[in-house]
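**Q** Below are the structure tokens for one structure; questions will follow.
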Amino acid sequence: MIPYPLLDVEHASDPPALSPPPRGVQPEYEPIFELAGVQHTLPAALVSLTVSSNVLTMAFKSNTLQQLSLTNSDAISNVALAKKGDYTIYKIFSDPTGKHVIIATHQGENFYLYEGWPKAQHLPRCKLIIESVAWNPQGSSPSTTYPRTSTREILLGGRNGTIYEMLIDAHSDVFKSYDRYVSPVYHLPDRQPITGLQSDRIYQFVGMVDRRPDEVGKLYDAMFTPYRDAAPKFLELPGATLHSELHASTTSTTTRTMAWLTAQGIYHGTLNLAATGSDIIDSASLLPYPYPIPSVPLSILITDFHFLLLYPDRVCAVSSLDEKLVYEELLALKPNEKPIALASDPINKTYWVYTNASILEIPVRNESRDVWKVYLKRGQHDTALQYAKAPAQRALVNAALADKHFQDGKFIQAAQCYAQSSRGFEEVALAFADAGENDALRYFLVCRLERLPKTMTAQRMMLATWLVEFYLGKLNTLDDLVASESASQDVDNLRTERSMIEDELRQFFETYKTNLHQQTVYELILSHGRTDVFLHYATIIGDFERVVQHYIMNEEWPKAVDVLNKQSDRNLYYRFSAVLMRHAPKETVDSWLRQSSLDPHKLIPALLQSQHAPTSPLTPNHALRYLNYLVFNAGSTSPMIHNLLLTFLAASPPRFLPSSPSSTSKLSNRASGAADNPVDSADLPLLRFLSTAPTDPLTLRPYYDLDYALRLCKRNNRLQACVHIYAQMGMWEESVELALEMGELELARINADRPEDDEVLRKKLWLMVAKYVVQDKKDIKTAMRFLDNTNVLKIEDILPFFPDFVVIDDFKDEICTALEGYSAHIDSLKSEMNDATKTAENIKRDMAELKNRFVTVEQNDKCATCELSLLTREFYVFPCHHTFHADCLIGQAKEYLPSHTLRRIILLQDELVQLTTSPPGVNGANLPQPPNPPTAPAAQQRGLLSANFGNGIVGRTVAAPAVVGRNVFAAAGAGLRDLIIPESLANAITGNISLNLNMNLGLNPWGGAGAVEGPRMSPTRMREKAEKLREELDLLLASGCPLCESVVAGLDKPFVVPGESDRSWDL
């Protein structure tokens, strides 16, 4: 036997993947168990085998061991015994982690192998033949007290009938052996081997192992001490066997499944670790072996739902639930090959068969496949449902469970199970109908409707409609019961049930509204007279139109408006607002204000309904409130809305206006001043709108139609509004005239002052007001006060309006004030004239002083252009100290001067040529000669214009040279700079003047025969004119330094002009 059944092995990992089923075999008919050979060559005859955590350990007859990893086929290690001797390995035991292995021999010497060791070390203290080992379930858990290499306290079952406690530590210590201690804890009374020969008893030791984690030392003494004086509870079965095994498998934290191999059969049951008595074996039974001969198998293993049995020629499996043989397979044994035992991996749930010459694996596929059938036959339906995976399996289980509930009178539970079963719909419905269980039938229909696919539209609609009929009938039944038992104590329960049914029906409508035909449901509900259900269903499906119609027909106006508020269809607003505006204007307008997406134009018919409502000064006009909101808050720019608001204000009698943001925040006074005058209260809202209405930012005109507004106000005799509209239209004269006709003098005065940009119009308007005051009102003092309020009119402007015989004393002071003002104005003008005269004299003096400026020129100064000595010919000196020859200056200046300046220079040249050059063919002996005739050689008398310019003129008879010159200049275009010859122009400017007296004689200076018409000019005037021309040319050419000016003018020009070759930048 195993003396320590309280093992706790955790399922560390799932079992390895199995090979796929053979082709053509359906999964439900596949064998659960089958034998599979292991492709591994054994070095010697196999004696014992263990598997733990995918580590397979084998012991051979040659006293050697071999370990291999099932997850890595290349990881194989061969192990030998460290101590030589005449030993024969009997059994090996491996802990659940696969790290610790104990090797037992027939001679009583034992060895220990730790993970990764090349040799198994001898255990000198352990002198016994080990039959069984109970590993400590905490051996693989981390601890601060025990090292990781320790097995912790374990129990050994010896052949001598003694139970030992031992602790092994793989950590090497010179002064300690690996078996730290071996201590006997209990001796069986009859000294029988534990799970050895002639084993026919099973002992139960029950105790609590209670010790703190940090304590060390012996662990099991306290548990076995009570049994040293009194024999433990045991069970003895008749019969004798040469071999016995006891196995336990973990099913939960408090239960274990145990199986004991006896001569009579398999004694199996459940170990209840939570039991308080001395007997912890529950539901024990004896399972006979499937074969009479040989009766006792060689080995046994426990799986989740079966017992695996090993016989000398076969392997079989018996169900632990119904004790039926479900699998058997013959062993393909070689000659002299004998099966030894079964082995299992408690962590990965793998099962093995080993013989002295081979190893076989027993893969397990879907072991729980038929478990549901067993529990179904037992009547354990809930457990059967846990193991029924396929829908068909669950349907069968639910059908059986439903039948049981139906027989027991649990109709609601039966309906739930029938809905999940494969039982026919008609059969179940008729069964409930015959039993009179409409509630259960309703529950069955609901469950069945939930499980129907959405593609089955017709079936879902029929079931849903039928359920509506059931719900309505149930409500009517409950109403009748409540009415008949009004004095009974059960009425509260009935009302509660009715409320629950109503809630359930509402939830049903919410869930299955798409599976119901609307018109059919409407007719069904109305046939039962359930108005509340009718309205709720219409609301659920979004048929708000029907709900609003119902409330309107019943004149429940606030409820109709509430329904409109809860929906988003704007067309319903447009359809029902007209009737609601007549009966609930406030609520209707409030609803409009909450719905900002409404089109105000489509609400105009509803707004017009307010005109037909009975009027009262205390009744708020809610249509005006909504229109004011649109105009002043919503920013509407629609002329139709503005015109409608204007129509309401102009046509309606004065009524109380409810306060709104538009009426409080935007009633500011504009320049019109309409709010400054005492006006009739009936006109106040209209004037307030006209003065504060928004305007178009582009046209600066209001959005309403001014012509329509004027006609409307005239028709309704709103004259003050007409005055304002005239002003808006820019018709100031009509505005002032109408205000005067009304006698509104202050309003006329304000409008007369509004056209600020047109002084003439303002004066005209003020004269109209003054004429009205003087002639119509005959109020001269008021007219005099007008002069203080405006600066447009003077006393002389209004004097013509006075009568011929008027006393001057009424306006004597005004006339004196006017005369004093004129005198002061004249004195101011005189002072300004004197200041201007002094300024002109100062400018003339400064200009005269500028002519006397001088600059000192050194003898070695050079021209900035040609770099020759400056004093060799005429030169210019600039304030920036740049110096130029006259011709060099002209050549520099013409490059940056603008085209209009160049044209002016050429025209001045032309006039200077006519004054200073004598034409060929004219004898000048009899003509007046200039005082200082030119002494320059003939070669230096070059023309002021270039040869290209002269070719178009010389040799032809020209009547008007100046005019011809202008045409040539215009035709020259971009070549103006080529028409200027710097040397000739410099001589003309700086040289002596030689007058052409032919011009004075009326001769043609260009050699023609005709006379030149024109006024005669004296030589003195000709000399003065030539001097002025020279001064103007000098001013144009020397107005600025060409070097300084060209820096700015030449910013956009390249350093090297096109066609110029410059290699100064070459490397």
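The values are calculated or read from the model by the stated rules, or taken from the named source; none is laboratory data. Note that this is a predicted model, so its numbers are computed, not measured. All Cβ positions, glycine included, derive from the backbone under ideal geometry; neighbour counts span all protein chains shown. The accessibility values were calculated without ligands, DNA or RNA, using every heavy atom of the protein model including side chains. Shrake-Rupley method; radii C 1.70, N 1.55, O 1.52, S 1.80 Å.
**Q** What lysines does Lys91 reach when the alpha-carbon gap must be under 26 Å and sequence neighbours fewer than 8 apart in one chain are set aside?
**A** Lys61, Lys83, Lys99, Lys119, Lys127, Lys176, Lys218, Lys334, Lys338, Lys349
**Q** I would also like to ask the following. May I ask you to evaluate 6.51 cos²θ - 1.76 cosθ + 1.60, the Karplus curve with θ = phi - 60°, for each residue of region 704-720 and list the ³J(HN,Hα) values in order in whole Hz, giving x for glycine and proline?
**A** With the stated coefficients, region 704-720 comes to 7, 7, 5, 5, 5, 4, 5, 5, 5, 5, 5, 5, 9, 6, 9, 5, 4 Hz.
**Q** When a/c reaches 1.5 or more, the comparison of a/b and b/c decides; with that in mind, is region 718-769 rounded, prolate or oblate per its Cα gyration tensor? Mind showing how you got there, number by number?
**A** On the way: a/c = 2.22, a/b = 1.39, b/c = 1.60.
Here region 718-769 falls in the oblate category.
**Q** If you don't mind, there's one more thing I want to ask. With each label point set 7 Å from Cα along the Cα-Cβ vector, what nm distance links Arg575 and Met742?
**A** 4.7 nm
**Q** Which sequence of Met223, Met729 reflects their accessible areas, 1.4 Å probe, from the largest down?
**A** Details: Met223 10, Met729 50 Å².
Putting Met223, Met729 in descending order of accessible area: Met729, Met223.
**Q** Using heavy-atom solvent-accessible surface (probe 1.4 Å) with all chains present, what is the largest-first order of Val773, Val133? Before the final figure, lay out each step's value.
**A** On the way: Val773 0, Val133 20 Å².
Result, largest first: Val133, Val773.
**Q** Distance from a point 7 Å along Cα→Cβ of Ser77 to each backbone N in region 113-138: keep the residues under 12 Å and list them by number.
**A** Within reach of a label on Ser77, which here means backbone N under 12 Å from a point 7 Å along Cα→Cβ, region 113-138 contributes 113-121.
**Q** Separate question: If each of Ser828 and Leu608 carries a label point 7 Å out from its Cα toward its Cβ, how far apart are those two points in nm?
**A** For Ser828 paired with Leu608, the spin-label model returns 6.2 nm.
**Q** Shifting gears a bit: Please report how far the C-alpha centroid of region 347-402 lies from that of region 584-605, rounded to the nearest whole angstrom.
**A** 70 Å
**Q** Using only Cα atoms, what is the ratio of the radius of gyration of region 454-526 to 2.2 N^0.38 Å? All intermediate terms of the calculation are to be shown ahead of the outcome.
**A** Numbers: Rg = 14.6 Å, N = 73, 2.2 N^0.38 = 11.2 Å.
Scaled against compact globular proteins, the figure is 1.30.
**Q** Work out the length of the dipole vector of region 552-602 about its Cα centre, built from +1 on the beta-carbon of each Lys and Arg and -1 on the beta-carbon of each Asp and Glu, and round it to the nearest 20 debye. Mind showing how you got there, number by number?
**A** Details: 8 positive and 7 negative charges, 25 e Å.
The calculated dipole for region 552-602 is roughly 120 debye.
**Q** Using only protein heavy atoms and a 1.4 Å probe, report how much of Thr251 is accessible, in Å² to the nearest 10.
**A** Rounded to the nearest 10, the figure is 80 Å².
**Q** Give me the net charge for the shell around Phe878: Cβ to Cβ below 14 angstrom, other residues only, Lys and Arg +1, Asp and Glu -1. Spell out each step's value before the answer.
**A** Working: positive: Arg853; negative: Asp861, Asp1034, Glu1045.
Overall, the nearby charge balance is -2.
**Q** Assuming 0.36 nm per residue, please report the length gained on full extension of the stretch Tyr291 to Lys404 beyond their Cα-Cα distance.
**A** Working: separation 113, 0.36 × 113 = 40.68 nm, distance 3.78 nm.
Additional length available on full extension: 36.9 nm.
**Q** Residues of region 888-904 with the amide nitrogen closer than 19 Å to a label point 7 Å from the Cα of Ser869, along Cα-to-Cβ, please.
**A** 888
**Q** Multiplying the sequence separation of Thr241 and Thr790 by 0.36 nm and subtracting their Cα-Cα distance, what value in nm do you get? Please list the in-between numbers first.
**A** Working: separation 549, 0.36 × 549 = 197.64 nm, distance 14.02 nm.
Between Thr241 and Thr790, full extension yields an extra 183.6 nm.
**Q** Sorted by average packing, counted as other Cβ atoms within 10 angstrom per residue and highest first, what order do 226-236, 597-607, 977-987 take?
**A** On the way: 226-236: 12.1, 597-607: 16.4, 977-987: 19.5.
Ranked by mean Cβ neighbours within 10 Å, highest first: 977-987, 597-607, 226-236.
**Q** Would you mind computing, in nm to one decimal, how far apart the modelled labels at Met553 and Leu321 are, each placed 7 Å from Cα along Cα→Cβ?
**A** So the label points at Met553 and Leu321 sit 6.2 nm apart.
**Q** Okay, moving on. Mind putting a number on the dipole of region 328-441 about its Cα centre? Charges go on the C-beta only, +1 for Lys and Arg and -1 for Asp and Glu, and I need it in Debye to the nearest 20.
**A** On the way: 13 positive and 15 negative charges, 87 e Å.
Using only the charged Cβ atoms, the result is roughly 420 debye.
**Q** How big is the charge dipole of region 333-392 about its Cα centre, in debye rounded to the nearest 20, if each Lys and Arg gets +1 on its Cβ and each Asp and Glu gets -1 on its Cβ? Don't skip to the answer; put the middle values down first.
**A** Numbers: 9 positive and 6 negative charges, 45 e Å.
Taking the Cα centre of region 333-392 as origin, the dipole is about 220 debye.
**Q** Could I ask something else about it? Once you list every other residue whose beta carbon is under 15 Å from the beta carbon of His528, what net charge do they have if Lys and Arg are +1 and Asp and Glu are -1? It would help to have the intermediate numbers written out before the result.
**A** On the way: positive: Lys474, Arg498, Arg530; negative: Glu469, Asp479, Asp480, Glu502, Glu523, Asp532.
Net charge in that neighbourhood comes out at -3.
**Q** Here's another thing I want to ask about it. Probe radius 1.4 Å, ligands and nucleic acids left out: which of Val1056, Val548, Val913 has the largest accessible area, and how do the rest follow? Could you put the intermediate results ahead of the total?
**A** On the way: Val1056 55, Val548 0, Val913 30 Å².
Listed by decreasing accessible area, they come as Val1056, Val913, Val548.
**Q** Using DSSP, restrict attention to beta bridges with both residues in region 79-160 and report what percent are antiparallel, rounded to the nearest 5.
**A** Within region 79-160, antiparallel bridges account for around 90 percent of the total.
**Q** Ignoring everything but the protein chains, give the 1.4 Å probe accessible area of His825 in square angstrom, nearest 10.
**A** 110 Å²
**Q** Tell me the net charge near His517. Cut-off is 12 Å between Cβ atoms, His517 excluded, with +1 for each Lys or Arg and -1 for each Asp or Glu.
**A** Working: positive: Arg460, Lys513; negative: Glu523.
Local charge sum for His517: +1.
**Q** Then there's this: Pairs of alpha-carbon atoms within less than 8 angstrom and 6+ residues apart define the contacts here; what relative contact order does region 826-912 have, in percent?
**A** Values: 44 pairs, mean separation 13.0, N = 87.
Relative contact order comes out at 15 percent.
**Q** What full-extension length gain, to one decimal in nm, is calculated for Ser1039 and Asp590 as 0.36 nm per residue of separation minus the Cα-Cα distance? Mind dumping the intermediate values first?
**A** On the way: separation 449, 0.36 × 449 = 161.64 nm, distance 8.10 nm.
Between Ser1039 and Asp590, full extension yields 153.5 nm more.
**Q** Given a 1.4 Å probe and the protein chains all in place, what does the accessible area of Lys844 round to, in Å² to the nearest 10?
**A** Spelled out: Lys844, probe radius 1.4 Å, area about 150 Å².
**Q** Let me ask something else. Would region 837-900 count as rounded, prolate or oblate if I go by the C-alpha gyration tensor, calling it rounded below 1.5 in a/c and otherwise prolate when a/b exceeds b/c, oblate otherwise? Write down the numbers at each step before the final one.
**A** Numbers: a/c = 3.78, a/b = 1.61, b/c = 2.35.
It is oblate, given that a/c is not under 1.5 and a/b is not larger than b/c.
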